[in-house]
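Okay, structure first, notes after.
The values are calculated or read from the model by the stated rules, or taken from the named source; none is laboratory data. Note that the coordinates shown come from a computational prediction; the quantities given were computed from them, not determined experimentally. With ideal geometry, Cβ positions are generated from the backbone for all residues, glycine too; neighbour counts draw on all protein chains shown.
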Amino acid sequence: MTAIEHAPEPAWYTTFFGEDYLRVHEAYLFPERTERELAGMLALLRAAGAPEDAALLDLACGQGRHAIPLAALGYRVTGLDLSPALLRRARAAARASRVAVRWVRGDMRRIPFTGEFDAAINIFNTFGYLESEAEDLAVLVAVAGALKPGGVFLLETVSRDALLRHFVPAAVDRLADGALVLQEQAFDLQTSRLTARMTLIEPDGARREYTQSIRIYTPTELRRLHEAAGLRVEGVYGGLDGSPLTLDSPRLVVLARRAG
């Protein structure tokens, strides 16, 4: 008897980022947070020599939370993301703001540009989604290839040390429309992967579940990966405000430059 072959399950990141993601996460992404992130990001990029009209790649741009205000400031912004739902929202928001952004649907490992950008950014926990360290390295190689020689790359993600020191295995929140969001997470110390399950419970009792799995890197590991990709690390910080990295810094920021 021939075994029945089953199609492989799609990678979690190909289905996670839809309307439910926007509905849940936008409740936490207040305008004040975005403004603080932009101010810090701009200070770091300008200190690194990025011109104020830089050609800038927002990698995993999502709904355009950073790409649109950067374009409004005069940057020539390209936003790349894999999610059709997030890109639809980004396009609509850019039209409403009357700013021009080049939106591209694509995979982070295969950035379709070579030597085009003065700077690239990857913000809000979007590094480490892929299945292996080799795949994550492929992202950094693609970033280096998309930058001009001397171009800068700014990566912001969660700090592994603070995550473990202040680990919260479960939390429940209520959205403004009455829906409940149950967040459960576990961390594998051997693989350094954070697995999180989000359950959305509608007011009528309907439930939908989503799972994500993210590799959380240490600063040492990120430095090694950047350098293997041809990106020289010039700064490591505890936030986009440029603060020192400590054991309690919730965020980890790496500023690197393409050689050349």
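Here Asp177 fits the description: at pLDDT below 95 and of a type in the set (Asp, Glu).
crowded, with 17+ Cβ neighbours inside 10 Å, of a type in the set (D, E, K, R), under 30 Å from Pro244 (Cα atoms) and out of contact with any helix residue (DSSP H, G or I) (no Cβ under 9 Å at 6 or more places or on another chain) - does that describe any residue in segment 35-50? Scanning segment 35-50 turns up at least one residue that is crowded, with 17+ Cβ neighbours inside 10 Å, of a type in the set (D, E, K, R), under 30 Å from Pro244 (Cα atoms) and out of contact with any helix residue (DSSP H, G or I) (no Cβ under 9 Å at 6 or more places or on another chain). Just to be sure before I move on: is Val181 under 16 Å from Leu44 (Cβ atoms), touching a helix residue (DSSP H, G or I) at 6+ places or on another chain (Cβ under 8 Å) and not acidic (Asp, Glu) in the structure I sent? No. Considering segment 140-235, the qualifying strands (runs of 3 or more DSSP E), each wholly inside and each with 1 or more residues that are surrounded by 15 or more Cβ atoms within 10 Å (Cβ to Cβ), run over 147-158, 180-188, 193-201, 207-215. Return yes when Leu245 is modelled with pLDDT of 95 or more and part of a helix (DSSP H, G or I) and no when it is not. Considered against the rule, which asks whether it is modelled with pLDDT of 95 or more and part of a helix (DSSP H, G or I), Leu245 comes out as no. Listed conditions (1) surrounded by fewer than 16 Cβ atoms within 10 Å (Cβ to Cβ); (2) in the same structural domain as Val24 (by TED's automatic domain parsing) are all met by Leu130, apart from (1). Residue check: Val254 meets all listed conditions (1) over 19 Å from Glu133 (Cα atoms); (2) part of a strand (DSSP E or B); (3) not assigned by TED's automatic domain parsing to the domain that holds Gly178 but one, namely (1). Just checking, does segment 50-63 include any residue being in the same structural domain as Ala119 (by TED's automatic domain parsing) and part of a helix (DSSP H, G or I)? Checked segment 50-63: no residue is in the same structural domain as Ala119 (by TED's automatic domain parsing) and part of a helix (DSSP H, G or I). Inspect segment 211-231 for any residue being at positive phi and outside the structural domain of Leu147 (by TED's automatic domain parsing) and give the result as yes or no. No; the residues of segment 211-231 include none that is at positive phi and outside the structural domain of Leu147 (by TED's automatic domain parsing). Just one residue in the set Leu70, Leu80 is surrounded by 17 or more Cβ atoms within 10 Å (Cβ to Cβ) and touching a Cys at 6+ places or on another chain (Cβ under 9 Å); that residue is Leu80. Among the residues making up segment 199-230, those that are under 22 Å from Ser159 (Cβ atoms) and more than 18 Å from the chain's Cα centre (by Cα) are Thr220, Arg224, Glu227, Ala228, Ala229. If you check Val24, Val104 for being touching a Pro at 6+ places or on another chain (Cβ under 9 Å) and surrounded by fewer than 23 Cβ atoms within 10 Å (Cβ to Cβ), only one passes: Val104. Residues that are under 22 Å from Tyr129 (Cα atoms), more than 18 Å from the chain's Cα centre (by Cα) and assigned to a loop (DSSP other than H, G, I, E, B): does segment 23-44 have at least one? For segment 23-44, residues under 22 Å from Tyr129 (Cα atoms), more than 18 Å from the chain's Cα centre (by Cα) and assigned to a loop (DSSP other than H, G, I, E, B): absent.
Only one of the numbered conditions (1) over 26 Å from Val139 (Cα atoms); (2) out of contact with any Leu (no Cβ under 7 Å at 6 or more places or on another chain) is violated by Phe16, and that is (1).
Put simply, of Leu182, Leu163, Leu147 the only residue that is under 22 Å from Gly49 (Cα atoms), touching a strand residue (DSSP E or B) at 6+ places or on another chain (Cβ under 8 Å) and among the hydrophobic types (A, V, I, L, M, F, W, C) is Leu147.
Restricting the first member to segment 16-32 and to residues that are under 15 Å from Gly64 (Cα atoms) and outside the structural domain of Arg197 (by TED's automatic domain parsing), and the second to residues that are surrounded by 15 or more Cβ atoms within 10 Å (Cβ to Cβ) and of a type in the set (Lys, Arg), the beta-carbon pairs closer than 8 Å and six or more apart or on different chains are Leu22/Arg89; Leu29/Arg65. Residues considered: Arg89, Arg95. Of these, the only one that is of a type outside the set (A, V, I, L, M), outside any strand (DSSP E or B) and in contact (Cβ under 8 Å) with a residue 60 or more places away in the chain is Arg89.
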